[in-house]
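Have a look at the structure below, then the notes.
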Amino acid sequence: TEYLCPAPLSADTAPTVRDLAARAYDVLGCEGAARVDFRVTPRGAAYVLEVNTVPGMTETSLLPMAAAKAGIDYDTLTERILGSALARREVMMSKIESEAR
């Protein structure tokens, strides 16, 4: 298997893929780290293949690979994921406490 990261997308297709990825993530109600996979036709039409809400986190997995290409090292990525989960937990706990009153 050969992974091309970042994907060699045209200047027209790349923003479309980014927008579709964000929209798929939001529509599905995803939280935290996720990976949105695509198929792109030779003409540049992009189709969401799947949304992986539990992406791999080994040193050779795609999420850490993409983060590294964005300048985010593995330790920082892990800290961001954990920080995001803790922040969501705080919000959830505050809601529960407010409703209990």
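Since every read-out is calculated from the coordinates, none of them should be taken as a lab result. These figures come from a predicted structure and were not determined experimentally. As a convention, Cβ positions derive from the backbone with ideal geometry for all residues, glycine included, and neighbour counts pool all protein chains shown.
Quick notes
- Between the helical axis of 13-27 and the longest alpha-carbon principal axis of the chain there is an angle of about 30 degrees.
- Diagonalising the gyration tensor over the Cα atoms of the stretch 3-72 and scaling each eigenvalue by 5 before taking the square root yields semi-axes of 20, 16, 10 Å, largest first.
- When peptides 79-85, 5-11 are sorted by average Cβ neighbour count within 10 Å, with the highest value leading, the order is 79-85, 5-11.
- Karplus-based coupling profile of the stretch 87-94, in residue order and whole Hz: 5, 5, 5, 4, 4, 4, 5, 4, with θ = phi - 60° in 6.51 cos²θ - 1.76 cosθ + 1.60 and x standing for Gly or Pro.
- Taking a Cβ cut-off of under 15 Å around ALA68, the surrounding Lys, Arg, Asp and Glu residues balance to a net charge of -1, with basic ones at +1 and acidic ones at -1.
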